[in-house]
Every structure is written in C-alpha cells, then in structure tokens.
Amino acid sequence: MRAPLSIGLTMVAAVACLAAAPRSARAEEETLVRVLAEQANVHTGPGFAYRVVYVATRDEVLAVVERATRAHWFKVRLPDGTSGWVLGDQVFPMDLNTTEAHRGPSIWRRIADAVFSPSPLLEGRFGLSFSAGLIGGDSAFIFRPAFLFEPHLSLEAFFGETVGNQVDVLYYGAGPNIFIFPRSPVTPFLSAAAGGASGRPKADQFTIRHTNYAVVNVGGGLLIALKKRIILRSDVRHYTIFDPNHTQRIQEYTGALSIVF
C-alpha cells in the first residue's frame, strides 16, 4: 500500500508545481494597467488618428503587450484576444506584488481566458450565421440573419437549400431564439420557426412535380464565442413539413460560423 501512496503523492506534488509555475511567471513577466477615466478609447495604433476598436471602462484591467517608443501609449490585450493602443494618461500601471495579483487566477480560469472571448450578445444588435450540414439526410446550406431585441432574445430569419438525389428543396421562414445564458461565452439557446418549403425536382425527374409546403421547426443549439472574434454555432432542429395531403418529419444537424455586431 505504501508504494501506490508514494506514487500518488509524487504525482500530486508534480501537478501542484506545474499549476503554481504559470502564476509566478505571469506575475514576473506580465504588466497590467487599470483604466482611470470613465471611458478610454483603444485605437488600432499609438495615436488619436487611428480607428477606435474598443472602449474600456473605469477600473477595467488590461494586460500590456508593449509600450510606444515616442509617445505615452500602451499596447494592450483586449478581452477578445486582439490588441490595441490606449493613452497612458488614461490608465495606471498596477503593482503586481499585491496579494490579488500574486495569487492570480486559477489554471482553469486562465485556460478559459485564453480560449473564449466575452459573449457578443451583450453589445451586438445584428447577427449573421452561415450554416452547413444535413436536413432530412440531404446536404444543406442555410443563411440566418437575426435582430437582437435583448441579449437573451432575437428574431431570426432563415433561407437555404438542401440538395437531394431527386429533389432540391428551398427552405425559408423566421422565428425567435431564446439564449439561456447570454453573458456566458458558451450559450445554449432554444429556437422555433415557421415558414415554407419549395421542392424542385431534378431535370431528369419527369414524374415528380414542383410542390410547396408549410414548415414548422423547433429545437436549439449552442453558441460559442472564441478569441479573435470567432463565433461557432450548432443547431439541432425537428421539422414538420406538410400540406393538405402530406406530412413529413425530418431533422436538421448543422454547424455554422456566426457574426454579431
């Protein structure tokens, strides 16, 4: 029993050392600044003539990447992983020897900060998603523009097409999305929509007629905000396609790249 216990203690000690090492390295190597002004514009370059890409608020803490050689500007790392320049008069260098800075965030917090960016739903008003996957077993491509009323609620339209062996189907419609945790970078959502579908037979399918259907779908998915303003999305939905003489039930499984602005 002593040998396994000894091995276990050794492994725990090794993991503890690895977890502690990044904290001291961060404290020694990374400089932080705290925003003093009510709002501080972050520019694409060290000067007011450069475009503003971010507005930092009072007491926000940013990591310094480098300092301008001529003027009093700091290049700082932004929450989404990009960088920009802030005027030195609007920020104050922090003392990393304080208890809070020395302790540093947990390793899981650092991993999350390195991978995810803040949720785009908090500030965005419009969204665009470009989805690809399967609907009813056929290859599907769907475009989804959306308007965000609130961070947890959007109205989204959709139109796209599936490509089948005998029939290509054009889908269109609109409906709401409800985001469960809009402040989280990983946000599950529920969705419902209504619209129509238009089936167009292939040129060599002479016995199949062009047909229009009503469509209702319900489901949900996941929105993931990554660094560098990359937003991934997945959808799983159940479709009911019907007319007075026909009813069909199929599923959608798609992934997407999204933009929120």
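The values are calculated or read from the model by the stated rules, or taken from the named source; none is laboratory data. Since the structure is predicted, the reported quantities are computational estimates derived from the model, not experimental observations. Counting neighbours? That spans all protein chains shown, and the Cβs are built from the backbone with ideal geometry, glycine included. Note: accessible area is taken over every heavy atom of the protein model, side chains too, but ligands, DNA and RNA are not part of it. Shrake-Rupley method; radii C 1.70, N 1.55, O 1.52, S 1.80 Å.
Roughly speaking, to the nearest percent, how much of the stretch 119-245's 1.4 Å accessible area is carbon and sulfur?
On the way: 4290 of 6610 Å².
Whole-percent figure for carbon plus sulfur exposure: 65.
Residue-wise HN-Hα couplings along the stretch 143-156, as the Karplus relation 6.51 cos²θ - 1.76 cosθ + 1.60 with θ = phi - 60° gives them from phi, are 10, 10, x, 9, 10, 9, 6, 9, x, 9, 9, 9, 10, 10 Hz; Gly and Pro carry x.
Here is the tail figure for the stretch 128-261: Cα pairs spaced more than 28 Å apart come to 20 percent of all pairs.
Once both labels are positioned 7 Å from their Cα atoms along Cα-to-Cβ, the gap between LEU36 and LEU153 label points is 4.3 nm.
Per-residue SASA remark: PHE189, around 10 Å² accessible (1.4 Å probe; ligands, DNA and RNA not included).
With contacts taken as Cα pairs under 8 Å and at least 6 residues apart, the stretch 169-244 reaches a relative contact order of 27 percent. Rolling a 1.4 Å probe over the protein chains gives HIS152 an accessible area of about 90 Å².
Take ILE107: with every protein chain present and a 1.4 Å probe, its accessible area is about 70 Å².
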